[in-house]
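One structure is given below, encoded as structure tokens.
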Amino acid sequence: MIVAMAARVATNLKLDAVQLRRLKQLAVESGVSQSALFRELIADYLAQVTTLTGRDWRADPFFQVGRRPGRSRRASVGDNHDRQLYRPRH
């Protein structure tokens, strides 16, 4: 199977000396180029911040619960949390 590769675009990146030294060491230990390592790290990060639905995980109501002060004032939150978190918005 042949997979088409997206065109790559060059970019500049400024890191502090400690970060760069650690990343170079990681690339050497992994046996890959720095560019390949950066692409892998960025791909992993992008996969982590996006849910399977393609939505940013930070927008998910589940992750907003602890950020609002106070109580929900709903006695059944523990029993019905999915329905209450993901109810249709009007």
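Values in this text are rule-based calculations from the coordinates and carry no lab data. Owing to the predicted nature of the structure, the values given are computational and were not obtained by experimental measurement.
The length gained on full extension between A59 and A10, counted as 0.36 nm times the residue separation minus their Cα-Cα distance, comes to 14.6 nm. Computed extension gain for L46 through R22, at 0.36 nm per residue and net of the alpha carbon distance, reaches 6.5 nm.
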